Amino acid sequence: MKTLPKRNYLILLCMSLVFMFTLISCGKSEKNDNTVVEDNKDASIENNEDVNDVNDVNNDDEQDSDDIEEVIEEPEKEPNLFLEKYQETGELPNLAELYKDKFYVGVALAQIDFSKNKKDLVASQFNSITCENEMKPDAVLDRNASIALGDEESVAINMNRALPAILFAEENGIKIRYHTLVWHAQTPDWFFNVGFKDGGERVSRDVMIARMESFIKEVMEYMNTNHPGLIYAWDVVNEAISPGDGREDGIRVTDNKWFEVVGPDYVELAFTFASKYVAEDQKLFYNDYQTYDKGKMFYLIKLIEGLQEKGIIDGIGMQDHMDLTNPGILDYQYTINKYADMGLEIQVTELDINTTDNSEEGQKRLASRYKAIMTIILNCIERNDSKITSITLWGLSDNRSWLNKPDTPNYPLLFDKDLNPKYSYFGMAMDDSISIAY
Ligand code: GLA
């Protein structure tokens, strides 16, 4: 057999080496392109560091790409079996702790709720409170002291009714949502009258604007001087939109003395004054009900965009007094996305779910509804980075809910009359044993 010269053997050997190397690298990049990057898509969207890690690995050797596949595996989710644990040991999780990286978990309390066992329960579950009534204008405005000032344009306040809540919050490291500065309801008639008299003549627009500023200044300065760091959000204006009243801007006319004496720009004026006196780390909210109603939403957006243009608002308070079916879950998701897209911070300020059914089945249904609402909220935070920063239940236990009627008790909250957690509590905690109601 004829043999090749030695030089040709060398050339052949080099060509085979190059060919083999090419094969190996193609195989490797195919694996990287189709497997590692694909598997890692979600993680890399969330985290730029991960993207860099993956790119580094694509240039590394086989061993490293295997390592990365291990690193990017979805972490095992701890099962949420709070109900089971509670039934076995009587132990509950702490809702505030559970969601501490995402939002405040709050509860509305009235003075009557400051009994020892209620306080213990609140301190063990919540890190935010709202006064159900004690910080509303009719609780805070001091008529005699205002008259004594002898000045039509200045008002005096007295925060004594809110003191138990304030002291309790401070003692327990709990924050407060201030509810509410300017509202058509629970605001005394004399506040709008000459000489702060009951009945008689209304003051002029200019005097009322001065009184509004004086009131907002007094409250904000009182809270921020005496209790710095306690308030994290202010409901500056509550419920100013009422499309049924027929105005083009949707501003509430019926039974609205702010509209009557000042005019439709009372909302903007309130936010202007609140911006002037607000502390640095506090946020200003417009708060309303039925914020998911498409008709109402149109007016809310118009109003809020105007305030955003002036840089005097941070967020929207969605009251969220709901029932078992309304709003639909997709409408609810749409609503959150809509407000989040406007760059608004969102707080759920008065959550309760109306139901008169206290049967086992009825309460499980309620729990499923709470879990569905929480699922939407958590998804919006995780997928769209929606800024939902606080969720407040409008009441602690069923026997003290505004939804109770003399002949028809309601069961809308997380704790029963004896302060035992209900299925709804576990729905709110996203317990795995509770189904989701869509
Ligand atoms: C509205 C108000 C709250 C409270 C509830 C019902 O939502 O904003 O302050 O009065 O109604 O209790």
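Going by C-beta contacts inside 10 Å, put E91, E132, E221 in order with the fewest on the left. Listed from fewest to most nearby Cβ atoms, that is E91, E221, E132. Per-residue Karplus couplings for the range 126-131, computed as 6.51 cos²θ - 1.76 cosθ + 1.60 with θ equal to phi - 60°, are listed in order as 10, 10, 8, 10, 10, 6 Hz, Gly and Pro entered as x.
Put simply, the amide H of K175, placed in the peptide plane, has neighbours under 5 Å in S128, I129, leaving out anything fewer than 5 places away on its chain. Over the range 193-317, all Cα pairs binned in 5 Å intervals from 0 give whole-percent P(r) values of 2, 10, 19, 21, 19, 14, 10, 4, 0, listed from short to long. Each of E78 and R383 was given a label point 7 Å from its Cα along the Cα-to-Cβ line. The distance between the two points is 2.6 nm. Each of T375, T335, T392, T355 was scored by other Cβ atoms within 10 Å of its Cβ. Arranged with the fewest first, they read T375, T355, T335, T392. A simple count of charges around L378, restricted to other residues whose Cβ falls under 11 Å of its Cβ and scoring Lys, Arg +1 and Asp, Glu -1, yields +2. Shown for Y232, Y178: other C-beta atoms within 10 Å of each C-beta, ranked fewest to most, produce the order Y232, Y178. Can you check what the net charge comes to around Y339, using other residues whose Cβ is under 15 Å from the Cβ of Y339 (Lys, Arg +1; Asp, Glu -1)? So the surrounding residues net to -3.
Computed over the Cα atoms of the range 213-262, pair by distinct pair, the Kirkwood hydrodynamic radius stands at 13.1 angstrom.
Among the listed pairs K116/K405; K296/K417; K100/K310; K257/K417; K100/K302, a Cα-Cα separation exceeding 29 Å is found for K296/K417; K100/K310; K257/K417; K100/K302. Excluding S435 itself, calculate the net charge of residues whose Cβ lies under 13 Å from the Cβ of S435, where each Lys or Arg counts +1 and each Asp or Glu counts -1. Summing Lys/Arg as +1 and Asp/Glu as -1 gives +1. Pairs spanning more than 19 Å between alpha-carbon atoms, out of K136/K175; K294/K338; K102/K136; K217/K283: K102/K136.
Measuring r between the beta carbons of T254 and R202 and using R0 = 25 Å, the FRET efficiency lands at 0.90. Above 19 Å lies some portion of the pair distances; for the range 286-438, what is it as a whole percent of all C-alpha pairs? So the pairs more than 19 Å apart make up 53 percent of the total in the range 286-438.
Every number here is computed from the coordinates shown, using simple stated rules; none is lab data. Model, not experiment: these values are computed from the prediction. Neighbour counts run over all protein chains shown; Cβ positions are idealised from the backbone, glycine included.
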